[in-house]
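Below is one structure, written out as structure tokens; the observations come after it.
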Amino acid sequence: MISVIITTYNYGKYIERAIRSCIDQTLDNSNYEIIIVNDCSTDFTEKILENYESEVRVFNLKKNIGLSAARNFGIKQSKGQFIVFLDADDYLHSEILRVEKLFLEENSKLDAVSVDYYQVDERGNRKQLFNAEENPIACGIMFRKDLLYDVGLYDENFRAREEEELRVRFEKKYTIHNLSIPLYRYWIHDDNLTKNNA
């Protein structure tokens with residue numbers, strides 16, 4: 001089983017597209033779960049999430065704990081053997097879970113699988129294609145959950161660039177195999193701070 005983990009803080013105006021892209025996967029929905037960790041948003045995120053409670057597992061945190069801790073919380077709630085992170089303002093190609101799961105199941109020596117991605121605009125128009133080996137991002141990678149635990153999950157002391165730090169630790173011990181097929185959609189906009197330099 002796969003657990004897709006979306007963490008969100010005040011991204012109510014973006015998150016529905018992310019959720020729909022998870023629901024619309026070609027992989028049968030009995031093979032994956034969608035976990036949303038709402039990190040004490042003060043906008044209308046919680047109202048949006050109420051519409052999806054029959055299809056996703058929602059955790060509305062009472063205190064803001066930050067991205068690293070929120071992702072770790074999601075991992076600890078997950079039932080899947082595989083973990084995929086999705087940013088609340090990004091979205092997935094409908095084939096990503098099926099393809100990555102197939103690779104990990106058929107290649108037991110692979111530790112994690114990433115995919116290339118398109119940078120997109122608000123309407124989903126493709127702006128640029130990125131190779132994920134040359135320009136790595138945290139999301140869209142399917143990890144074996146036990147290996148994330150083995151490297152100690154996210155360092156909750158990091159308030160920025162935490163995904164880079166996790167990736168460095170992960171790749172000291174394990175490998176991330178990249179598939180040259182763009183199945184992740186990465187949106188850079190005025191509201192996302194960490195993506196301005198991407």
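One line per residue, one yes/no per condition, for (1) over 16 Å from the mean Cα position of the chain (by Cα); (2) not aliphatic (A, V, I, L, M):
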| position | (1), (2) |
| --- | --- |
| 37 | no, no |
| 47 | yes, yes |
| 66 | no, yes |
| 69 | no, no |
| 83 | no, no |
| 88 | no, no |
| 91 | no, yes |
| 96 | no, no |
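Can you pull out every residue in the range 135-156 that is of a type in the set (A, V, I, L, M) and either assigned to a loop (DSSP other than H, G, I, E, B) or in contact with a Cys (Cβ under 8 Å, 6 or more places away or on another chain) (or both)? It would help to see each step written out before you state the result.
Residues of the range 135-156 of a type in the set (A, V, I, L, M): 137-138, 141-142, 147-148, 151, 153.
Selection gives 137, 138, 141, 151, 153.
The numbered conditions (1) open to solvent by 30 Å² or more (accessible area, probe 1.4 Å); (2) touching a Phe, Trp or Tyr at 6+ places or on another chain (Cβ under 7 Å) are all true for residue 104 except (1). Taken together, the residues in the range 29-70 that are hydrophobic (A, V, I, L, M, F, W, C) and without any contact (Cβ under 8 Å) to a residue 24 or more places away in the chain amount to 1. Cβ-Cβ contacts under 6 Å between residues 6 or more apart (or on different chains), taken from a first residue in the range 160-172 that is open to solvent by less than 40 Å² (accessible area, probe 1.4 Å) to a second residue that is among the aliphatic types (A, V, I, L, M), are listed as 170/151. Scanning the range 37-49 for residues that are in contact with a strand residue (DSSP E or B) (Cβ under 7 Å, 6 or more places away or on another chain) and outside any helix (DSSP H, G or I) yields a count of 4. Screening the candidates 34, 19, 15 for the property of being under 26 Å from residue 120 (Cα atoms), outside any helix (DSSP H, G or I) and either open to solvent by less than 10 Å² (accessible area, probe 1.4 Å) or modelled with pLDDT of 95 or more (or both) yields one hit, 34. Of all the criteria given as (1) open to solvent by less than 40 Å² (accessible area, probe 1.4 Å); (2) not in a strand (DSSP E or B), the one not satisfied by residue 86 is (2).
The values are calculated or read from the model by the stated rules, or taken from the named source; none is laboratory data. Small disclaimer: the values here were computed from a predicted structure and weren't measured. Neighbour counts are summed over all protein chains in view; Cβ atoms, including those assigned to glycine, are modelled from backbone coordinates with ideal geometry. Ligands, DNA and RNA are excluded from the accessible area calculation, which covers all protein heavy atoms including side chains. Shrake-Rupley method; radii C 1.70, N 1.55, O 1.52, S 1.80 Å.
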